[in-house]
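The values are calculated or read from the model by the stated rules, or taken from the named source; none is laboratory data. Please read all numbers here as calculations on a predicted model, not as lab measurements. Ideal geometry is used to build each Cβ from the backbone, glycine not excepted, and the neighbour counts take in all protein chains shown. All accessible areas refer to the heavy atoms of the entire protein, side chains included, with ligands and DNA or RNA removed. Shrake-Rupley method; radii C 1.70, N 1.55, O 1.52, S 1.80 Å.
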Amino acid sequence: MSAEPDSRSAPLLLDAEWSRLAAGWASASGMDVREEPTHMTLSMTRRPAGADELEVRLTTSRRFLVAFMTNGRGLAPGELARGAAAANAWNTEQLTPTLSVWNVRGTRPHLGGVCTLPLSCRLSQEDFDAVASGWIDQAVTMFARCREVFRL
């Protein structure tokens, strides 16, 4: 008699199942979720070290699942050089998430982190949860460093 495998441990192809995996992770993590045809936006608050609300936008490119993460704080014109310096320092030391100054929506640029996974990989729900939670932990650390070292 064989035991049926736990559905959380069965590997799924990311290309076909990324939104299901992301929704499962968001639900287990207590995040607010907004699903749209091309992307999913997740919002959460991490309070250690005075962290701001973190917004994660998941979407796909041709070959990757892409997570854009921001704390939503806009940069003033006088902060652009510090933002670029913060990105350069973080990317030299840590690289994940990749930090940059960008402006996707709105009138002011802001700091944003980006992480990716190949759509061709297979992950169980448990594995996806671990990877995505790691992204959040790294983003919280990244934004805390920007606040502490660069006053951003």
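Criterion first (within 23 Å of Ser19 (Cβ to Cβ), touching a strand residue (DSSP E or B) at 6+ places or on another chain (Cβ under 6 Å), of a type outside the set (Val, Ile, Thr) and open to solvent by less than 40 Å² (accessible area, probe 1.4 Å)) does Leu65 satisfy it?
For Leu65, the condition - within 23 Å of Ser19 (Cβ to Cβ), touching a strand residue (DSSP E or B) at 6+ places or on another chain (Cβ under 6 Å), of a type outside the set (Val, Ile, Thr) and open to solvent by less than 40 Å² (accessible area, probe 1.4 Å) - is met.
Can you name every residue in segment 110-130 that is touching a helix residue (DSSP H, G or I) at 6+ places or on another chain (Cβ under 9 Å), in a helix (DSSP H, G or I) and not acidic (Asp, Glu)?
Gln125, Phe128
Look at segment 52-62 and say how many of its residues are part of a strand (DSSP E or B), among the hydroxyl-bearing types (Ser, Thr, Tyr) and open to solvent by 40 Å² or more (accessible area, probe 1.4 Å).
Residues that pass the stated criteria total 1.
Exactly one condition in (1) touching a residue at least 60 places away in the same chain (Cβ under 8 Å); (2) under 18 Å from Met31 (Cα atoms); (3) open to solvent by 20 Å² or more (accessible area, probe 1.4 Å) is not met by Leu117; state its number.
(2)
Suppose we keep only residues that are modelled with pLDDT of 85 or more and assigned to a loop (DSSP other than H, G, I, E, B) within segment 1-30. Which one would you say is most open to solvent (accessible area, probe 1.4 Å)?
Looking at the filtered set, the residue picked out is Pro11.
Which condition number does Gln138 fail, the rest of (1) touching a helix residue (DSSP H, G or I) at 6+ places or on another chain (Cβ under 8 Å); (2) open to solvent by 40 Å² or more (accessible area, probe 1.4 Å) being met?
The single condition Gln138 does not satisfy is (1).
Of all residues in segment 59-92, count the ones that are more than 24 Å from Asp15 (Cα to Cα) and in contact (Cβ under 8 Å) with a residue 60 or more places away in the chain.
The number of residues fulfilling the criteria is 9.
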